[in-house]
Each structure stands twice: as structure tokens, then as C-alpha cells.
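The next block holds one structure in the form of C-alpha cells; read it before the comments.
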Amino acid sequence: MPHEWGSKLSRNRLVVIAWTAVGVPLLWGIFQTLKTAVQLLE
Amino acid sequence: MPSVSAPSRLPPKSRRLAFLDRERIVAGPGFNRWLVPPAALAIHLSIGQAYAYSVFKLPLTQAIGISEPAAGDWTQTQVAVVFTIFIVFLGLSAAVFGHWLERVGPRWAGVMAAVCWGGGYMVAALGVASHQLWLLYLGNGVIGGCGLGLGYISPVSTLIKWFPDRRGMATGMAIMGFGGGALIGAPLADGLMNRFATPSSVGVWQTFIVMGSIYFLAMLAGAFAYRVPAPGWTPTGWSPDRKRSTMVTTRNVHVRDAWRTPQFALLWIVLCANVSAGIGVLEQASPMIQEVFEGSVSASAAAGFVGLLSLANIGGRIGWASLSDRIGRKSTYFTFFALGIALYCLVPTAGRIENVPLFVGIFFVILTMYGGGFATIPAYLADLFGAQFVGAIHGRLLTAWSTAGVIGPLLVNRLRQSQIDAGVPAAEAYNKTMYVLAGLLVIGLICNLLVRPVADRYFMSEDGSSTHSGRSTVRSSRSAS
């Protein structure tokens, strides 16, 4: 049964948490790739 | 009495996993649709590790010799077969299970993908520990490939239904994750292998177990975060009637009829041409730049070039797919092919005048369009065939990717070798290849130009039955809605 999704504030907080959870590893991966590329090009 | 006892036994059994069913994940009022893309990304970032499988290549060929290959060690060619199996089973499983996914919902598909992808790593770990190549093929290749296919298509139809106003951007975000998975997977695998390496082990099987567990949990989290919109839901302030283009339908074609349409065949060729050209270059990028600019580009710089291409591949997925929401899918693909033909024909010139930045720039743009092609195709399918069965239709279209995964690298490698055998200098050995790849894009360009709206007879009627195939599809279409 579908349920009501909390207050607007808690819903927005959940969105931020979810995006952070996937964004941080992705940014870490991009940073690692760029770091390796720069090291190799040097 | 059978009529009484059977139902009394069956419901508890079927209810045990009922929380995975589509009906149980219908979003309630107030659900924020921006929670769905991170769920899709969690799955795509995990399965995207397939693109970084080459980091295991060298250690797997030294599992016995440790510091160098010894007698009994697997060869690089034997290990490379895993990637081919990955891609073949990706296409096959997406095609076979696509319709099942539409019926049972994305959570079931996501969980099954997690079990296959994570479980595949466990079987492969057993294969490495016991040095049984067939277990490596079965685990990473066959079981992992099925997880790859299910995981790849699981969020597509869900995202398209949540973002009817921005289909390209939504699927672009998820499919960007598939490209990004390699950026996380490669350094993670490298770090873990260094940690687990001992004088008697290269640390691969331990790495497989850790990575398999991490990916299983991440994909499971993604699968449980999936929600599907309630029937008839639309974004606030948006109406399907606002669509102006004749290339965007508000009706639906059943998957059984979709693949019989000329539009499906044309899009299959479009995807196959775009991917064949891009994947061939991607696979050969490092040796190619070193051979074209012999003496001026080192192996290290070539590795940096490959890293840049990976970023282009990812950026193109979200960038081009989002742009397609504004300019239309057909125009987007026209740009890929027209610009691609010009750029491939320009590559020999860049090599001849020894202009490295121009060469790198050309391939950077080409790889954005390679990624963009993957990300734009689900939205193109939804525009032409409707959103109801897009997951299943997309699954069948992915056989074009499997085909391209074999054709592209084969074409590039064979053409280069034939040029070398004919006495052409290594620096010019890729010129003919570039013209052949441009020719592939010409075929794609023509097919894209031939795409027209799907004929009325293929669309399902209002009661959900398929009018073209002559068979009733009421049951399956209702369960998929």
C-alpha cells in the first residue's frame, strides 16, 4: 500500500543523502583518473 | 481437496518475496522523483566495473608465477575472452529477460542483477583460487554478464516513466553511471590487489570477494530504493498533450510487435554502427596514439589519453542525452553521424601534420558521441514505441551492442594488420580504418534519416490488446502497467 512520504524537509534531506551516496564515489573515481592521467603525462 | 489445499499452500510461498513485486513499490503521494536516479546510479556504477576488467588482466596471467607468467598460467588472450562473454551475455540476458522485467518490476530485476553480479564474482574467486579457467568464464562471464544485462535495463523504463518531460536526461544519468563505474572500479581493484598481494598470491581472488560483496550490497540498496509512479501520474504542470513532434507518441507498441517494425531494425543498425565505430577506437586507443605519433607520445601519455577518453565517454552520456530532450533524438543522432564522419576523415590529417592536440580533441568529441549514443537510445525508443514496454524493447535492441562489441575491435585490428602486412608504415596504418569507420557511420546516418513514426497498426488499442499480432495481450500489458 503506497504511503505518504514524510514532510517536505525530510524528503529533500533524503534526496541529498541519496545523491551524496552515489556522487562521492563517482567524484572519487573521476579524481583518481585525473590524478593518474596528470602523473603519467608529467 | 486440491481446489482448497493448493491456494492455501501457494499464497504464503508467493508472498514471501512479494515485497519485490511491482505492485508493492508504487510510490505514494509526495514521493520525490529525484530519489530514483541515485538508485539507478547505484546499480550502474556497480556493473560499470565491467569496463575496468582489464586491471585484472595482468595479475590473472601471473596467478602461478606471481611476479611473471609461469608454466600453467593463463594467457592474456584466454583472460580477454571474459570481456567478450560479458558483452554477449549482456545482450542476450537483456533481450531474454526484458519482458519479464516489465512484468515483475524493476526491484525484482535489480535484486536478480545484484545476485548475479555479486555471485558471479564469488564463483570467479573460486575459479582463480582453484585455477579453473571455466569457473572464471562461468562466474565473471556468464553469471556476471546476466547480472550486467539485467542491471543495465532495470532502471531505464522506470526512469522514463518518472521523467516523461526529460527522458533523455533521466536515462543519461543512469547510463552515465555505467561509464563511471570503471573510474571507481579500476582504482578500487588496484588498491585491493596491492593490499591482498603476498609472496604466494597476486591477491585477485580476495579482491573478487571484497568487490563482489560491495557491489552486491550497493546494487541491493539501489534495487530497494526503486519506486514506480502510480498509474496516470505526471509531473506537476506537465501534460503529454504538450508534445508537438510527430516522432513522439503517447500510445504504446507491445514488445512482441515492436521488434517486427522497420523502426526497430533501423535503430538496431543505428546503434550497432555508432557503437562499432566507437568501441573499435576505444579498444585500440593506447597503441594507436603511440603508433601514429611514434617517438613523441610515450606509453604513459597514452594511458592519460585513454583516461581522457573515459571521461569523454561519461560526459557524453549525460550531455548529449540531455541535449536530445531539446533538439529531438533524430537530430541528435544526425549530429553524431554527420559530425562523426567529418571527424573520422580528419584523423589522418591530424596524424600527417603531427598535431597531437587536434588528434586528442577529435577522439575526445568522438567518444562523447559514442557515450551519447548509448544514453539517447532508450529515450528514442520510448518516443517511437511508448514508455510501457521500453525496458523490454531496449533489452532486445542491446543485441546490437553485443554484435558491435565483436565487430568493432575485430574491424580495427584486422584493418590495421592488413595495412602493416601490405607494407604501410605504422603511423599511417590507421588511415584506411578511419575511412571504413566513417563508412559505417554513413550507413547509420542513412538508417537514422529513414526513421519515421511507427504505423498505427502496430499500436495497442485502448483496452491494452495488441492489434497487429492478432493475439490478445491484455493480461501482460495490464500486469506491466
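Counting only residues that are buried (at least 17 other Cβ atoms within 10 Å of the Cβ) and out of contact with any Ser or Thr (no Cβ under 7 Å at 6 or more places or on another chain), give me the helices (runs of 4 or more DSSP H) lying completely in segment B:43-151 with at least 3 of them.
B:76-104, B:106-129
Considering only residues in segment B:266-292 that are within 14 Å of chain A (Cβ to nearest Cβ) and of a type outside the set (S, T, N, Q), the one that is nearest to B:Val365 (Cα to Cα) turns out to be B:Ala285. Go through (1) within 14 Å of chain A (Cβ to nearest Cβ); (2) assigned to a helix (DSSP H, G or I); (3) closer than 22 Å to B:Thr158 by Cα; (4) not β-branched (Val, Ile, Thr) one by one and return the number of the condition B:Gly28 breaks. Here B:Gly28 meets the rest and fails (2). The listed residues are B:Ala312, B:Ala303, and the only one of them that is at pLDDT 90 or above and within 13 Å of chain A (Cβ to nearest Cβ) turns out to be B:Ala312.
Determine if segment B:211-223 includes at least one residue that is open to solvent by 20 Å² or more (accessible area, probe 1.4 Å), under 20 Å from B:Val55 (Cα atoms), of a type outside the set (Phe, Trp, Tyr) and at pLDDT 90 or above. Yes: one or more hits. In this entry, B:Leu217 passes the filter for residues that are farther than 30 Å from B:Ile64 by Cβ, within 14 Å of chain A (Cβ to nearest Cβ) and in a helix (DSSP H, G or I).
Suppose the filter is touching a residue at least 40 places away in the same chain (Cβ under 8 Å), assigned to a loop (DSSP other than H, G, I, E, B) and either closer than 30 Å to B:Gly119 by Cα or outside the structural domain of B:Ala63 (by TED's automatic domain parsing) (or both); does B:Ser276 pass it? It is false that B:Ser276 is touching a residue at least 40 places away in the same chain (Cβ under 8 Å), assigned to a loop (DSSP other than H, G, I, E, B) and either closer than 30 Å to B:Gly119 by Cα or outside the structural domain of B:Ala63 (by TED's automatic domain parsing) (or both).
The values are calculated or read from the model by the stated rules, or taken from the named source; none is laboratory data. Keep in mind the model is a prediction, meaning the values are calculated, not measured. Note that each Cβ is placed from the backbone with ideal geometry, even for glycine, and that neighbours are counted across all protein chains shown. Side chains are part of the model used for accessible areas, which takes the heavy atoms of the whole protein and leaves out ligands, DNA and RNA. Shrake-Rupley method; radii C 1.70, N 1.55, O 1.52, S 1.80 Å.
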